[in-house]
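> Attaching a single structure in structure tokens format; questions to follow.
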Amino acid sequence: PPSSPLLSNLASRHFSSEDDHDSIRRRNIGISAHIDSGKTTLTERILFYTGRIKAIHDVRGKDGVGAKMDSMDLEREKGITIQSAATFCRWKDAHINIIDTPGHVDFTIEVERALRVLDGGILVLCGVSGVQSQSLTVDRQMKRYNVPRLAFINKLDRQGSNPWKVINDLRNQLKLNACAVQLPIGLEDKHTGVVDLILNKSYTFDGEKGEKVKEG
């Protein structure tokens, strides 16, 4: 039988560590989304949980520090990403290069440039608004470059959040065969963690900013 187009794309994609002679796996991943969906905040959390940074700071710089990935003063002032920023972290035996891209339509070319070097992408979606205009643009760009991706539904602690609506948006608007691999534990002000259906484990968040993760 003919192979799936998705499997063909994955099989022909060259990962960044393919030609390495050491045992370290290297991956380039990009984080893309509609403006104000939480891309930079997600990147901050990844850096914190992997031990690259020691504290979590607000994106808009309300605490006088600002997000690590927002290097420009204007980015810290406005709370948006204007130019792509790259960083790295290590998780187990993998070396991960992370590219945080802008979400505003005026800086779409920055996303286009980043997609050319990615092994995979994370499409961040707001748990309240779901698929938005720039989500459609980013999805088209990822399809154009055959970038494998997963969707990360953010802001489930906000009033009106509904992950099932977002999954339906992915299926109906982006024509993606989306399926949940994690389930939230509570929503809105009762959101306390997630259940991983692949590993059959639960993760709950404790502390002022959810910095303490408890596995169950």
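> Leaving ligands, DNA and RNA out of it, work out the accessible area of residue 192 with a 1.4 Å probe and give it in Å² to the nearest 10.
Result for residue 192: roughly 60 Å² accessible.
> Roughly what would the spin-label model give for residue 136 and residue 45, points 7 Å off Cα along C-beta, in nm?
Simple spin-label model gives 2.7 nm for this pair.
> For every other residue with a beta carbon closer than 13 angstrom to the beta carbon of residue 176, add +1 if it is Lys or Arg and -1 if Asp or Glu, then tell me the sum.
+3
> Related question: Please compute the Kirkwood hydrodynamic radius of the range 175-216 from all pairs of different C-alpha atoms, in Å with one decimal.
Result for the range 175-216 stands at 11.2 Å.
> At 0.36 nm per residue, and after removing the present C-alpha to C-alpha distance, how many nm does the segment from residue 208 to residue 55 gain when stretched out fully?
Taking residue 208 through residue 55 to full extension adds about 53.9 nm, to one decimal.
> Can you tell me the FRET efficiency between residue 201 and residue 173 if r is taken as the Cβ-Cβ distance and R0 is 35 Å, rounded to the nearest 0.05?
It comes out at approximately 0.65.
> How are the Cα pair distances of the range 124-216 distributed, in percent, across 10 Å bins from 0?
15, 43, 30, 11, 0
The values are calculated or read from the model by the stated rules, or taken from the named source; none is laboratory data. Model, not experiment: these values are computed from the prediction. Note: ideal-geometry Cβ built from the backbone for every residue, glycine included; neighbour counts use all protein chains shown. Quick note on the areas: whole protein, heavy atoms, side chains included, nothing else; ligands and nucleic acids left out. Shrake-Rupley method; radii C 1.70, N 1.55, O 1.52, S 1.80 Å.
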